[in-house]
Amino acid sequence: MAKPLHILAAGLIWPPETFIERLLRGLLARGFQITVASIKRPAADWFNMPGFHWLPVYSWEGHFVVRIFRLGWWVLKAWLGSRGDMQKIAVQINAIPNHTQRTRLWYRLLPFLGKGWDVIYFPWNSAAIDHLPLFDLGMPVVISCRGSQINIGPHDPERVDLADGLRQTFARATAVHCVSQNILQEAMKFGLDPQKTHLIHPAVDINFFQPRMESRPSRSTFHVLTTGSLIWRKGLDYALIAIRKLADQGIPVRFEIIGSGPDESQIHFTIHDLGLQEHVHLSGKLSQEQIKEKLQRIDVFLLSSLSEGISNAVLEAMSCGIPVVTTDCGGVREAVTDGVEGFVVPLRDPAAIASALQSLWQSPSLCEQMGRAGGKKIERNFNLDGQIQQWVDLYQELQKTGGLQ
């Protein structure tokens with residue numbers, strides 16, 4: 001790079017998801033300057049990394065007087081120091097008929113004025129939509145398309161504005177990153193030009209997610225695990241029905257669910273309704289280190305999702321040398337070849353899930369074979385160093401083609 005590029009990462013909730021944290025740290029290690037805009041201040045170790053900066057932004061919630069004082073100070077500061085930027089974003093904001101919505105949008109966007117980054121990066125489609133007037137500042141914008149905001153959200157009657165927001169941001173973005181070919185195809189339904197698209201798969205730190213060193217002991221229990229948010233689109237009801245089928249066949253199965261979410265009480269009910277208290281354990285939310293240790297000691301990883309971009313959890317399990325049983329959702333077939341690294345089964349099909357799991361219970365050698373194949377696949381196609389280099393290539397390509405001034 002001719003000079004270190006300065007990227008604004010906007011629309012983040014801090015601390016970020018692990019895969020976003022890996023990306024930010026990877027780009028910092030490659031010499032990029034990165035400013036993170038977030039309400040919560042990052043931990044001290046981030047500020048020890050050369051090139052890292054923090055832009056504090058504020059929630060609309062809070063004391064009315066404090067909010068108005070802060071808004072007034074920002075307006076004065078912008079008017080005196082970045083009036084041009086203020087005038088640029090005012091066109092879109094002032095077109096909003098509702099006074100309260102206009103005020104809240106000014107409150108959200110004023111901290112970004114007068115900064116002059118090389119590029120604005122939105123890790124989520126919704127973040128780009130929420131900050132749409134920032135597109136008028138003239139800086140190149142890169143957006144990530146990851147999953148549910150493309151293949152679920154636009155069909156939600158409570159999110160009727162999302163489809164229009166996707167069309168607007170896709171039309172105005174300089175470049176759009178898609179996590180899978182499947183997500184790219186879905187995004188094209190909302191006007192995404194494939195010519196501005198960069199397909200960069202999720203990745204795994206293969207130096208962290210590694211197979212266990214010692215050999216696995218002979219199995220007395222068939223240990224199946226899944227990780228993820230406890231929400232409807234993870235399809236856990238179908239997974240639990242499949243576990244019930246295995247238990248009815250006399251298989252000593254233990255199904256561990258790692259994660260938290262709004263559907264936890266419903267999942268507890270289903271476990272009791274199916275009489276699976278002795279077979280299913282909810283472990284709650286765990287650290288990455290704890291998840292890795294769990295993965296290294298299981299027999300099979302199960303993903304029963306109804307929708308994904310590409311599941312990071314599946315990739316992490318494969319990196320640990322674990323065979324996977326996964327539903328045919330999103331871009332999963334871009335990572336898992338049915339019968340090679342695991343089994344790919346239809347959506348909402350507990351019988352198919354149970355059959356695939358039973359095959360792996362009956363053949364420990366097949367588990368080992370698929371686990372080794374999965375590890376090689378991750379090392380070859382989904383390793384973190386390769387992913388970071390793709391992001392570096394994306395920004396360097398924008399530089400060469402004039403997307404970054």
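So, counting K/R as plus one and D/E as minus one, what does the shell of residues with Cβ under 15 Å around TRP54 add up to?
Here the count lands on +2.
Which listed residue (ALA173, ALA203, ILE231) has the Cα farthest towards the positive end of the charge dipole for segment 154-299, taking +1 on Lys and Arg C-beta and -1 on Asp and Glu C-beta about the Cα centre?
It is ALA203, whose Cα lies furthest towards the positive end.
Taking θ = phi - 60°, what integer Hz values does the Karplus form 6.51 cos²θ - 1.76 cosθ + 1.60 yield along segment 234-251, in sequence order, with x for Gly and Pro?
7, x, 5, 4, 5, 5, 5, 5, 5, 5, 4, 5, 5, 4, 5, 8, x, 7
Could you list ILE291, ILE96, ILE310 so that the one with the fewest beta carbons within 10 Å of its beta carbon is first and the one with the most is last?
Result, fewest neighbours first: ILE96, ILE291, ILE310.
Among residues other than LEU134 whose Cβ falls under 12 Å from its Cβ, what is the net charge (Lys/Arg +1, Asp/Glu -1)?
Values: positive: LYS88, ARG108, LYS115, ARG172; negative: ASP85, ASP130, ASP136.
Overall, the nearby charge balance is +1.
State the answer as a single residue: which of TYR58, GLY84, PHE19 lies farthest towards the positive end of the charge dipole of segment 1-92, with beta carbon charges of +1 for Lys and Arg and -1 for Asp and Glu, about the Cα centre.
The residue sitting farthest along the positive end of the dipole is GLY84.
How big is the Kirkwood radius of the chain, worked out from every pair of different alpha carbons and given in Å to one decimal?
Value: 23.0 Å, from the Cα pair sum.
Roughly what % of DSSP beta bridges within the chain run antiparallel, to the nearest 5?
Taking every DSSP beta bridge within the chain, about 0 percent pair in antiparallel fashion.
With labels modelled as points extended 7 Å from the Cα through the Cβ direction, what inter-label distance (nm, one decimal) is found for SER229 paired with THR100?
Using points 7 Å along Cα→Cβ, the separation is 2.5 nm.
How large is ³J(HN,Hα) for each residue in segment 351-362, as worked out from phi by the Karplus curve 6.51 cos²θ - 1.76 cosθ + 1.60 (θ = phi - 60°), to whole Hz, x for Gly and Pro?
Working through the residues one at a time gives 5, 5, 4, 4, 5, 5, 5, 4, 4, 6, 5, 6 Hz.
In µm²/s, what is D for segment 1-123 at 10 °C and 1.306 mPa s, where D = kT/(6 pi eta Rh) by Stokes-Einstein and Rh is the Kirkwood radius from Cα pairs? Can you show the working numbers first?
On the way: Rh = 15.9 Å.
Translational D for this selection: 100 µm²/s.
Each label point is 7 Å from the Cα along the Cα-to-Cβ direction; what then is the distance between the points at ASP193 and VAL160, in nm?
Spacing of the two 7 Å Cα→Cβ label points: 3.0 nm.
Suppose R0 equals 35 Å; then what is the FRET efficiency for ASN381 and ALA44 from their Cβ-Cβ distance, rounded to the nearest 0.05?
So, using R0 = 35 Å, E works out to roughly 0.50.
If I stretch the segment between GLN290 and LYS3 completely, what's the gain in nm (0.36 nm per residue apart, minus their alpha carbon distance), one decimal? Could the numbers behind the result be given before it?
Numbers: separation 287, 0.36 × 287 = 103.32 nm, distance 3.93 nm.
Stretched fully, the GLN290-LYS3 segment lengthens by 99.4 nm.
Longest exposed-loop-site-free stretch of the chain, with GluC sites (Glu not before Pro), DSSP loop and at most 16 other Cβ within 10 Å? Numbers along the way, then the final one.
Working: sites that count: GLU17, GLU61, GLU214, GLU278.
Formally, the longest exposed-site-free interval is 62-213.
Springs between alpha-carbon atoms under 10 Å, Gaussian network over the chain: tell me which of GLN195, GLN87, GLN288 tops the mean-square fluctuations.
It is GLN195.
For ASP328, enumerate residues with amide H under 5 Å from its amide H, sequence gap 5+ or separate chain, H modeled in the peptide plane.
Sorted by chain and number, the residues that satisfy this are VAL345, LEU347.
Given a Förster radius of 25 Å and the C-beta distance between ARG167 and SER260 as r, what FRET efficiency does 1/(1 + (r/R0)^6) yield to the nearest 0.05?
Calculated transfer efficiency: 0.15.
At 222 nm, what value in deg cm²/dmol follows for the chain if DSSP H runs of at least 4 each add -39500 (n - 2.57) and the sum is divided by all its residues, to the nearest 500?
-13000 deg cm²/dmol
How many nm separate the modelled label positions at ARG297 and TRP14, each set 7 Å beyond the Cα in the direction of the Cβ?
For the pair ARG297/TRP14, the computed spacing is 3.5 nm.
So how many Å³ per residue does the convex hull of the Cα atoms of segment 222-381 work out to?
Values: hull volume 15.1 nm³, N = 160.
Per-residue hull volume (Cα only) is 94 Å³.
For helix 18-29, what angle does its Cα long axis make with the longest principal axis of the chain, in degrees from 0 to 90 and rounded to 10?
Result, in degrees: 60.
Here is the link list: LYS292/LYS400; LYS189/LYS285; LYS40/LYS196; LYS196/LYS285; LYS189/LYS234. Which ones come out longer than 31 Å on Cα distance? Working shown, then result.
Working: LYS292/LYS400 40 Å; LYS189/LYS285 35 Å; LYS40/LYS196 33 Å; LYS196/LYS285 37 Å; LYS189/LYS234 24 Å.
The pairs that break the limit, which is 31 Å between Cα atoms, are LYS292/LYS400; LYS189/LYS285; LYS40/LYS196; LYS196/LYS285.
Among TYR121, TYR395, TYR58, which comes first, second and so on when ranked by fewest other beta-carbon atoms within 10 Å?
Least crowded to most crowded, the residues run TYR58, TYR395, TYR121.
Which FRET efficiency value, to the nearest 0.05, do you get for GLN181 and ASN207 by plugging their Cβ-Cβ distance into 1/(1 + (r/R0)^6) with R0 = 25 Å?
The computed FRET efficiency comes out at 0.35.
Post the alpha-carbon centroid distance, segment 8-59 to segment 123-197, in whole angstrom.
If we compute the Cα centre of each part, the gap is 22 Å.
Using Cβ contacts closer than 10 Å as the measure, can you line up HIS63, HIS268, HIS6, HIS177 from fewest to most?
Lowest count first: HIS63, HIS268, HIS6, HIS177.
No lab work stands behind these numbers, since they all come straight from the coordinates. Here the structure is a predicted model, which means the values were calculated and not measured. Methodologically, a virtual Cβ is constructed for each residue, glycine included, from the backbone with ideal geometry; neighbour enumeration extends over all protein chains shown.
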